[in-house]
Every structure is written in structure tokens, then in C-alpha cells.
Amino acid sequence: MTLDARSTKPRQPWLAPSRSIRAKKETASIHRRVILASHLIFTGYGHWLPNDPRGSGSDSLRKEDLQLLGPIHTGRKRIQPPRSDIKNFYKQSAKNLDHPILWFDHAMRQTIAHAIAQTIKDQGYTLHALAACSNHTHVIVRTHKDRAEKIWTTLANAARDALRAASLTSPTHPIWSHRPYKVYLHTAEAVRQCIRYVQQNPSKENLPAQPWKFITPFHQ
């Protein structure tokens, strides 16, 4: 044993490591980034493929027939291709898909939104924004005990089942692309910016504003 310079009592050497570990854990908890909310995007089937000329969030291509249309570029390309290239890519890709590409009309968008509204009530989720557009849907959901991927799957399944139950789609159509897309929001300002982005999304497609009553305003 050794003596502490500030005390005549022997210092227990085996206590030092535990203090060090505790200090590291406390420091880590201080610097850990808190997730306030998640931005979830539900992309309609066939509307943003893994080898999209603009780039994508994918790193693999499940359907071999699509490989002839081009390689995967993970992430958004810095220089975007002309619109004509994108239109030609999807014109060709449609021939190699197992299901037709869907465009969500007013009735389908309403069904998607109402299914999500019922699901967040059942599951205890809190939504700060929702935009149901013509080929995709945006949701901003407050952090919950369920992981973002699980929330995405739960909401996607509910919307798909509702569309099928209303006979608005084929009972075998997948509706959504298989890969969940999420962005974690760590600051109040990031949440507010994303809410504005989602709220403005319908207008980009000349759709009316969507002031859903089941949305919980974000205050922080």
C-alpha cells in the first residue's frame, strides 16, 4: 500500500481503476449525441432504385436484371445527371421490375396518412411532421423506445395494409421499397429545419398543404 500525500491513511490501489472507469463513462455520457427525433422516408416501390443515376443510400442490388442499367453509387452524386437520363433510366427499369410502379393519388395519400395516424396512437409514437406525396412519404417521429428502423417498418406495414384493405392496390404489391431510410436529428434546430422541409414537400409537387390534426408541435 501507498500513502496519499493529503492523508495519513493508506490508499487502496485497487480502487484507482474503478474511479478511472467511472470517469471515462461519465465523460462519454456527456459527449454522447442525443437523438431528439428521426426523419423517416418511405419511398414508393420502383421510384428510387439502388443504382439510381443520382446516387442512393444503398450498397447492394437485389435484382440482377437491374445491374445492366448501371452500377451503384452510394451517396448523392456531387454532379447530378440531366433529367433526361433519369427519365430514361426509370423507363428502362420499369421493364425489369416485378410489379408496376405506383403513383399515390389523393385517396391513397389520405389512406396512408390515416393509417399512420392510427398506428402512432396504438404504439405511442409522437409525430412532429408528415407529408404524404405522390411517390413517397416523409415522417418526423420523436425518439421512442422502439428503434427508428422498427418504427419505419411498423408505419410502412400499416400504410401498405390499409391500401390493400381499401382495394387501392393489388394485394401482392409491396407498395414501398424494402430499405428503411432514416436520418437522426440531434439538435432542436435540426428538428425545426427538417419539419419545415417536410411541411414544404407537398408544394414541390403542386399538392395542397397537409395540416394533419394528429401532428404534435415540436417545442424545445
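The values are calculated or read from the model by the stated rules, or taken from the named source; none is laboratory data. Nothing here was measured: the structure is a model prediction, and the numbers come from that model. Backbone-built Cβ (ideal geometry, glycine too); neighbour counts: all protein chains shown. Side chains included, ligands, DNA and RNA excluded: accessible areas come from the protein's heavy atoms. Shrake-Rupley method; radii C 1.70, N 1.55, O 1.52, S 1.80 Å.
A full extension of the chain between Ile101 and Asp161 corresponds to an added length of 19.9 nm, given 0.36 nm per residue minus the alpha carbon distance. For the stretch 94-187, the relative contact order works out to 27 percent when only alpha carbon pairs closer than 8 Å and six or more residues apart are counted.
Remark: the stretch 79-220 carries 56 Å² of accessible area per residue (probe radius 1.4 Å; ligands, DNA and RNA excluded).
Calculation over all alpha carbon pairs of the stretch 140-220 in 5 angstrom steps from 0 returns a P(r) of 3, 12, 17, 18, 25, 16, 7, 2, 1 percent.
With all protein chains in place and ligands, DNA and RNA left out, the 1.4 Å accessible area ranks Leu36, Leu155, Leu168 as Leu168, Leu36, Leu155, largest first. Rounded to whole Å, the principal axis extents of the Cα atoms in the stretch 69-220 read 45, 40, 31, largest first.
With a ≥ b ≥ c taken as the square roots of the eigenvalues of the C-alpha gyration tensor of the stretch 111-163, please select rounded if a/c is under 1.5 and otherwise prolate if a/b is larger than b/c or oblate if it is not? The shape class here is prolate.
Could you tell me which of the pairs Lys95/Lys204; Lys95/Lys150; Lys95/Lys182; Lys121/Lys182; Lys145/Lys182 are separated by over 24 angstrom between their Cα atoms in the structure shown? Beyond 24 Å between Cα atoms: Lys95/Lys204; Lys95/Lys150; Lys95/Lys182. Legend: calculated FRET efficiency, Ile79 to Tyr197, from the Cβ-Cβ distance at R0 = 25 Å, rounded to 0.05, equals 0.65.
Protection proxy ranking of 97-105, 116-124, by the mean of other Cβ atoms within 10 Å over each peptide's residues and highest first, is 116-124, 97-105.
Loop-located trypsin sites (Lys or Arg not before Pro) in the stretch 150-220 (DSSP state not H, G, I, E or B) with no more than 14 neighbouring Cβ atoms inside 10 Å: Lys213.
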